[in-house]
Structures are given as structure tokens and as C-alpha cells.
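Here the structure comes first, spelled out in C-alpha cells, and everything after it is commentary.
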């Protein structure tokens, strides 16, 4: 694993990229490099390259991490809210279903794209999965 040294460069000589800025740009659906171009070509499909700066993004490997993170975040929100409501009010089962099922679906859909963008921003900032100019090596 590369270690950052003083002066903002990695031991490999590559300049450090701003991690939190790249993740924030990705979260907002923008190119992690310039912050201007669109990161997404459709709802969850990442654009081949930035239409503003030309940064290639087709080689990202977000895989299932965004979905796992969304499950954890939405699970904590919905279960915490459910338990708070259950402790203070007496609702029927159908009322719980009418509240928590739609809330779960809406939160999951609302968070999936921003979380995926942040993961792509993380990969770009850390030179992962082709963002450093080299091919991924798959070990068997």
C-alpha cells in the first residue's frame, strides 16, 4: 500500500488527489476530477468519460459497495425511526407497513446514486481500478 509523504505526493511520485473533494463531487453527480462534467450517463450508469475535462471513468469498479452502504444507512434510519415510533405510539400493522415500506424504498432509491458517485470519487482520488493509468491485476 502506498504511503503519503510530506509535500503532497505518494512514494510513487504521483500527486495526491483531494479525497473528500472528489467524494463530494461524486456524491453530487459531478466528475471527481474537475467537478464540472456529469458523472452519470443514466440513473446508475457511469459516463464513459467526463464531457468537460475528458477524464475517463469507464474503468471504475464500484461493484456492490454502494448497495451495501445504502442498506446499512437506510437500515439504521428506518429501524431507529420504527423503534422510536413503536415506543411512543400504538399503531396497527397496516399503518406500520404504510409508513416503513415506502420510506425504505424511497430512501434506498434516493441514496443509491449519490453513494455510488462518492465511491467512484474515492476510487479516483486513490488511483484505484485504472484511475492511475495502469491495468488492474486479477490474481487467481
Touching a helix residue (DSSP H, G or I) at 6+ places or on another chain (Cβ under 7 Å), part of a loop (DSSP other than H, G, I, E, B) and surrounded by 15 or more Cβ atoms within 10 Å (Cβ to Cβ): does that describe residue 82?
-> no
Among the numbered criteria (1) loosely packed, with under 14 Cβ neighbours inside 10 Å; (2) touching a strand residue (DSSP E or B) at 6+ places or on another chain (Cβ under 7 Å); (3) at pLDDT 90 or above, which single criterion is violated by residue 9?
-> (3)
Take segment 96-140 and flag every residue that is at pLDDT below 95, out of contact with any helix residue (DSSP H, G or I) (no Cβ under 8 Å at 6 or more places or on another chain) and surrounded by 12 or more Cβ atoms within 10 Å (Cβ to Cβ).
-> 123, 127, 130, 132
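Against the definition (under 24 Å from the mean Cα position of the chain (by Cα) and touching a residue at least 60 places away in the same chain (Cβ under 8 Å)), how does residue 57 come out, yes or no?
Yes: the conditions hold for residue 57.
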Is it true that some residue in segment 62-76 is at pLDDT 95 or above, closer than 22 Å to residue 108 by Cα, more than 15 Å from the chain's Cα centre (by Cα) and outside any loop (DSSP other than H, G, I, E, B)?
-> yes
So how many residues does segment 18-49 have that are closer than 13 Å to residue 131 by Cα, surrounded by 12 or more Cβ atoms within 10 Å (Cβ to Cβ) and either modelled with pLDDT under 85 or out of contact with any helix residue (DSSP H, G or I) (no Cβ under 6 Å at 6 or more places or on another chain) (or both)?
-> 3
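The values are calculated or read from the model by the stated rules, or taken from the named source; none is laboratory data. Keep in mind the model is a prediction, meaning the values are calculated, not measured. FYI the Cβ positions are ideal-geometry reconstructions off the backbone, even for glycines, and counts take in every protein chain you see.
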